[in-house]
Amino acid sequence: IRIDHSTAGRVLSVKTAKNAAKISGTIRDDKGAVVPGANALVFPVDETLWIDRGFESPWIRSIQATTAGDVVVASILPGEYYVVGIPADRSLAWPSAAFLRSAKLSATKVKIVNDKTETVAIKLATA
């Protein structure tokens with residue numbers, strides 16, 4: 001949703017995308033085995049968007065995979081992102097910039113455009 005506010009006419013305009021951007025994929029380890037229950041972490045390439053965002057960042061998303069290792073991360077803002085699999089026991093560590101810097105070494109880079117679904121190979125973080 002995009003909200004524009006005009007102070008001149010005091011008009012509120014809300015625009016919604018018909019089909020929001022998504023990232024889909026399957027989390028796999030370094031041997032290619034599916035990793036059920038892991039989390040897919042999507043975070044921006046631009047490190048300035050990592051700071052002071054906490055668990056409520058519109059730029060950083062974490063979604064748990066199905067038992068088949070599949071994930072769909074919906075409503076992604078346009079931009080360049082890293083996508084990486086995180087083991088379930090480390091899934092709450094991502095608000096740390098140091099953790100994200102380490103995770104990006106195993107991540108797949110993807111460019112998100114409005115209304116598109118990008119399918120990526122999601123590698124489990126090794127660091």
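Under the criterion of Cα pairs below 8 Å and six or more residues apart, the relative contact order for the stretch 27-80 equals 41 percent. Placing a label point 7 Å from the Cα of residue 96 along the Cα-to-Cβ direction, the residues of the stretch 110-127 whose backbone N falls under 16 Å from that point are 125-127. Surface calculation, 1.4 Å probe, protein heavy atoms: residue 28 sits at approximately 100 Å² accessible. Thinking of the stretch 43-127 as a set of Cα atoms, what percent of all their pairs are more than 19 Å apart? For the stretch 43-127, the fraction of Cα-Cα distances above 19 Å is 33 percent. Of all lysines in the structure, the ones whose alpha carbon falls short of 16 Å from that of residue 22, not counting any fewer than 8 places away in one chain, are 109, 111, 116. Between residue 31 and residue 105, full extension at 0.36 nm per residue minus the direct alpha carbon distance yields a gain of 24.9 nm.
The values are calculated or read from the model by the stated rules, or taken from the named source; none is laboratory data. Since we're looking at a predicted model, the values are computed, not measured. When we count neighbours, we look across all protein chains shown, and the Cβ atoms used for this are built from the backbone with ideal geometry, even at glycine. All accessible areas refer to the heavy atoms of the entire protein, side chains included, with ligands and DNA or RNA removed. Shrake-Rupley method; radii C 1.70, N 1.55, O 1.52, S 1.80 Å.
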